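Data block below; observations after.
We did not get these values from a lab; they are worked out from the coordinates using the rules stated. Keep in mind that this is a model prediction, so the values were computed, not measured. We place every Cβ from the backbone using ideal geometry, glycine too, and count neighbours over all the protein chains shown.
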Number of protein chains: 2
Amino acid sequence: MGAVKTKRMPRAVREQQMLDAAVQIFGQRGYMAASMDDIAELAGVSKPLVYLYLNSKEDLFTACIRREATALVAAVRAGVVAGLPADRQLWDGLLAFFTHTAGHPDAWTVLHRQARTHGEPFAAEVSALRAEIVDFVTQLIAAAAREAHRDPDLPEDEVAGLAEALVGAAESLAAWANATEGVTARQTAATLMNFAWAGLGSLMEGRPWTPPPASAP
Amino acid sequence: MGAVKTKRMPRAVREQQMLDAAVQIFGQRGYMAASMDDIAELAGVSKPLVYLYLNSKEDLFTACIRREATALVAAVRAGVVAGLPADRQLWDGLLAFFTHTAGHPDAWTVLHRQARTHGEPFAAEVSALRAEIVDFVTQLIAAAAREAHRDPDLPEDEVAGLAEALVGAAESLAAWANATEGVTARQTAATLMNFAWAGLGSLMEGRPWTPPPASAP
């Protein structure tokens, strides 16, 4: 009876279970070592069903990258409230980013490491995600410049460069935080805020950027 | 006569010529598309000689990664003078880094993109390079903290995080600068100094970090 019920589960739900299992296996073992048998077993389905729904290991991996990239971008966008001061928007965005990568370490490994380690088609999927996040950060920095009436002094190239620097720093820190015992998403976001907003120079002079109080313990 | 002379060239010189050609072909076409025929032709040697000296495409690629990683680390270390103030050391290091990546775009593509895109053994080679640079930057930041007598206030974890952020930002910016027309190494280094030292916050208030005057035009 249970088996019959399981089989009648809608395809969309089944697919998500397969992707959940695949992200976990790909993230923990790497793309090459991951087997479709293990993914099917962890998802609680037959291997032919995985192939029927998701076609091949390559397509399954691509589906994982797309789903996790979309989820990460959505989490960052959901964390940021338009209209707040730029430093607050940046802080909220970073906190949302590091909270998501800390909460989904296998997904972050798939996006940051696996997808870039196994060939061009996968790397291109991640490039698209990255371009969207860089664009979002570029707009934030440009908005901050407008707030401070610094528009004419900050050339477009420099804003683009700052956005690239910030995204590169965030990617690097997310991997480091997930690999380092006892570092919280909030601490990681504060480290990057100190770096990006207050600046190392200010930080060294004892003037760190102060995050707003946490709403929950 | 010329041919005889060429054949008597020392092995070490020949190998460097093969690596020069390989870095160019790998960087411009990617690891998969690069052919040993093209590499041998560009190096002006026979394909069997490439195999004799460097064994396989995999080993040739690994040799490229090692040589270029060593050269990049050496360039950064050579650019920094111990004993100068920390912000000056950081500036000199960044300028050396971006000058090297701009002057060796194929080598940077091999290290930053190709090596991470084609499997674990190559990615591990680059990780070792990266760890060395992160370590170097960590020491710089710790030295800056000591200079400013901020030792007890800056926990080890935060220094490590700042170094990760800075290296990630530099990697990201190097790729961006090489792909963006008309951006110089000096401008790229200044962008990252603004970001890292003066901080975005100070930058927005019109207080950018000012690089020392260029010694040559």
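Here are the numbers for the structure shown:
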quantity: Calculated label separations, A:ARG186, copies of the chain, 7 Å along the beta-carbon direction, nm; calculated: 4.6
quantity: Shortest-first distances to equivalent copies, position A:ALA78, nm, label 7 Å out along Cβ; calculated: 5.1
quantity: Average beta-carbon neighbours from other chains, 10 Å sphere, peptide B:170-178; calculated: 5
quantity: Helix-only mean residue ellipticity at 222 nm for chain B, each DSSP H run of n ≥ 4 adding -39500 (n - 2.57), per residue, nearest 500; calculated: -23000 deg cm²/dmol
quantity: Sequence-separation-based contact order of chain A, relative, with Cα cut under 8 Å and 6+ spacing, percent; calculated: 19
quantity: For the stretch B:56-204, diffusion coefficient by Stokes-Einstein and Kirkwood Rh (Cα), 10 °C, 1.306 mPa s, µm²/s; calculated: 99
quantity: Inter-copy label distances at B:GLY206 (7 Å, Cα→Cβ; nm, one decimal); calculated: 2.8
quantity: Aspartates and glutamates whose Cα lies under 20 Å from that of A:LYS47, excluding same-chain neighbours fewer than 8 positions away; calculated: A:GLU15, A:ASP20, A:ASP37, A:ASP38, A:GLU58, A:ASP59
quantity: Estimated dipole of the protein assembly as shown in Debye, rounded to 20 [Cβ of Lys and Arg +1, of Asp and Glu -1, Cα centre]; calculated: 1000
quantity: Taking A:HIS104, B:HIS100 and counting other C-beta atoms within 10 Å, the order from fewest to most; calculated: A:HIS104, B:HIS100
quantity: Unit charges on C-beta of K, R, D, E only; dipole of the stretch B:56-204, Debye; calculated: 440
quantity: Closest approach to the axis - chain B beta-carbon, rotation onto A, Å; calculated: B:GLY199, 1
